[in-house]
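Before any comments, here is the structure.
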Amino acid sequence: MWNKMKQSNISMVLMAVLLSLLFGGMVILMSGNNPFLIYGKMLQGALGSRFAIASTIRWTTPVLLTGVAAAIAFRGGMFNIGVEGQMYIGAMLSALAGYMIKGVPAPLHILICVLAGALGGMLWAFIPAVARVYYGASEMVITLMMNYVAINLTDYLVKYYFLAGGAYGSTLVTAEIEETAKLSKIWPNLSAHTGIFFALFIVLVFWFLLNKTQLGYEIHISGLNPRFAKCGGVSVNQVRMSVMLLSGMVGGIAGSVEVLGYLYKFMSQFSPDYGFDGLAVALLGGSTPAGVFLGSIFMGIIKAGSLQVERATNISRSLSMIIQGIIITFVSCKAIGVNGIWKNKKQTVRGNHSGSEV
């Protein structure tokens, strides 16, 4: 039965992707372009050369990390929409550690910056976790609102306390981090960096946590059925706190890797909604390590390919946003449909039992 459910989920996710590409093709067709030609250029822009592959890796890296962050919360029955804000806090603290700390060897300096980002993301997730566990507040509303607080708070702090000397214009930036804090490039002069290996390591840790630890079992059972988990002696509130803090930590690491591997400084509005892309990837991948990995690659291909399409045709990169939105819509409908079917089955079984007893 479990294998049938997994096969059903995979087939529904593939159907969601195919339908999103179909609806995206209809949008392309209405704009007067050939969908096959546009999708061909998209694939070429994402995988057709070393430059294209580097661009895909560059876009995949932060989305893979934010996808893991969102998936951890989902698996524990929490809905963390605040990954974007946690990413901003982590990015800023990493940037400060990157340029303020000097005279430290490269591996240690990078580790300090990543830990600073992880701590920042964890602290930012602590507030909604406490509000949900101890006061019954909705973590969805609080995490969503805290995104805007994080974005504007970091802007304020950079503008009045950490603004780089000689920086002008609407973009607020800190000083550039030290060379010892920078992640190396996979290929010289291209955008892909070794942060992708760090992201892959986080995915492996996520898999190990879920499948090989007691906490992983408690996360799974608490997210699946909190009442049953309580009857089995699991502290659901403690699990909810844990998954929110772990989710925030990975979100902060996502911001850290973006600063250390690509930006080399903190800058205002640096994220083109990486946190929300991570939510889409987690939904698309069923909040599993393998699903998040494949979903982030798909999202990276869409983003990198859309840039090439925009350069070569009159189609805007907004096409990628359309495809992402349609994917979220179909995957959400899938989840609602599955939950509805499951509830109906339980009600039918209860009805049959009660009838037989009478």
*Taking the stretch 162-219, which residues are surrounded by 15 or more Cβ atoms within 10 Å (Cβ to Cβ) and among the basic types (Lys, Arg)?*
LYS182, LYS185
_Residue selected from the stretch 88-107 under the condition over 17 Å from LEU157 (Cα atoms) and in contact (Cβ under 8 Å) with a residue 12 or more places away in the chain, by the criterion nearest to the chain's Cα centre (by Cα)_ = ALA106
*Where residues in the stretch 272-306 are within 21 Å of VAL203 (Cα to Cα) and polar (S, T, N, Q), which of them is modelled with the highest pLDDT?*
SER296
*Within the stretch 226-272, track down each residue that is under 20 Å from GLY82 (Cβ atoms) and in contact with an Asp or Glu (Cβ under 6 Å, 6 or more places away or on another chain).*
VAL239, SER268
*Conditions: (1) over 23 Å from LEU123 (Cβ atoms); (2) β-branched (Val, Ile, Thr); (3) more than 11 Å from the chain's Cα centre (by Cα); (4) at pLDDT 90 or above. VAL309 meets all but one. Number of the miss?*
(4)
*Since GLN238 meets every condition but one in (1) buried (at least 18 other Cβ atoms within 10 Å of the Cβ); (2) in a helix (DSSP H, G or I), which condition does it not meet?*
(1)
*Lone unmet requirement of (1) at pLDDT below 95; (2) surrounded by 15 or more Cβ atoms within 10 Å (Cβ to Cβ) for VAL141*: (2)
*Criterion: more than 23 Å from the chain's Cα centre (by Cα), at pLDDT below 85 and either crowded, with 19+ Cβ neighbours inside 10 Å or not polar (S, T, N, Q) (or both) - qualifying residue of LYS4, LYS41*: LYS4
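Residues are listed down the side, and each one gets a yes or a no for (1) under 21 Å from SER296 (Cα atoms); (2) β-branched (Val, Ile, Thr):
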| position | (1), (2) |
| --- | --- |
| PHE51 | yes, no |
| PHE74 | yes, no |
| VAL83 | yes, yes |
| GLN86 | yes, no |
| ALA95 | no, no |
| LEU111 | no, no |
*Out of ILE151, ILE142, which single residue is farther than 24 Å from MET241 by Cβ, among the aliphatic types (A, V, I, L, M) and in contact with a Gly (Cβ under 8 Å, 6 or more places away or on another chain)?*
ILE151
*asked:* So for the stretch 20-37 (the condition being at pLDDT below 95, part of a helix (DSSP H, G or I) and within 20 Å of the chain's Cα centre (by Cα)), does at least one residue qualify?
replied: yes
*Please indicate, with yes or no, whether at least one residue in the stretch 293-305 is under 30 Å from SER31 (Cα atoms) and over 18 Å from the mean Cα position of the chain (by Cα).*
yes
_Only one of ILE253, ILE196, ILE221, ILE202 that is in contact with a helix residue (DSSP H, G or I) (Cβ under 6 Å, 6 or more places away or on another chain), free of Cβ contacts under 8 Å to residues at least 60 places away in the same chain and assigned to a helix (DSSP H, G or I)_ = ILE221
*From the options VAL243, VAL257, VAL292, VAL309, residue that is surrounded by 24 or more Cβ atoms within 10 Å (Cβ to Cβ) and either touching a strand residue (DSSP E or B) at 6+ places or on another chain (Cβ under 9 Å) or on the phi > 0 side of the Ramachandran plot (or both)*: VAL257
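The values are calculated or read from the model by the stated rules, or taken from the named source; none is laboratory data. Not measured: the values here are computed from a predicted model. Positions of Cβ are backbone-derived with ideal geometry, glycine not excepted, and every protein chain shown enters the neighbour counts.
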